[in-house]
Amino acid sequence: MEKFEEALRVQESLGAIIVDNVTFSEWNSSVSKLPIWKPALRVDAIDSKYILTWHFLAGFATYPRGLHTFSDVMKYTAEAPEEENNQWGMSMTELEANENALQASGRDTAQYRESIEYVFGCTTAPVAGCPQVSVPLPAYPDGWAVERLAKGLTTTGPNIPTGIIFVGRRWDYATVIGAAHSFEKSTQHRRSYKPTVGTQIDLPLNHPKI
């Protein structure tokens, strides 16, 4: 928290006006452990000119579901139980549009209510479509206790980097990138430490005979 407060003071020195006590809906990190967040191979209608058009579907040798057109895909998605359309379909989008479901504590609402250009904090990246940039802070000092995840990944310890995240308004990439760049150029924390690389394996250094 001390480094975060120091980072705030740097922001003030660069001309930022700090707005304290702005409320947001809290992100529960346990959500990312739910099965619904596990990667899955699904067809996504990203480019309507190609993806899920007959050009794309015609590339398959077999059609086990009889999906030959975009309409077939839409019908199957809406009716197949395994697609869980009642949970992942358009109902939630329609509800938000009709009932203004964005809560007052949401990140977007708070940013516009307070005329905030970006959020600056030691937090996880928002699952909200907002642009974000992470910038280095000082590394953990010598003597800091080493903590590891169950799979062995080190999370804290001497010389382990820390960082801060800038979160901007949706689509406002220029402001958040500019603020993050200004902070990084002013602090240069990335130059204050060097990664420590070690190995427990000895490799032979014998040169092959030519």
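A few comments on the model shown:
- The HN-Hα couplings worked out from phi for the stretch 156-173 by the Karplus form 6.51 cos²θ - 1.76 cosθ + 1.60 (θ = phi - 60°) are 9, x, x, 6, 7, x, 10, x, 10, 10, 9, 10, x, 6, 4, 6, 8, 6 Hz, whole numbers, x standing for Gly and Pro.
- Taking amide H atoms as placed 1.01 Å from N in the peptide plane, the amide H of residue 162 lies under 5 Å from those of 137, 139, 140, each 5 or more residues away in sequence or on another chain.
- Protection proxy ranking, highest mean first, for peptides 180-188, 138-146, 150-158: 180-188, 138-146, 150-158, where packing is the per-residue count of other beta-carbon atoms within 10 Å, averaged.
Each reported figure results from applying straightforward, stated rules to the coordinates on display, with no laboratory input. What you see is a predicted model; the values in this text were computed from it and never measured. Every residue, glycine as well, gets a Cβ built from its backbone with ideal geometry; the counts of neighbours run over all protein chains shown.
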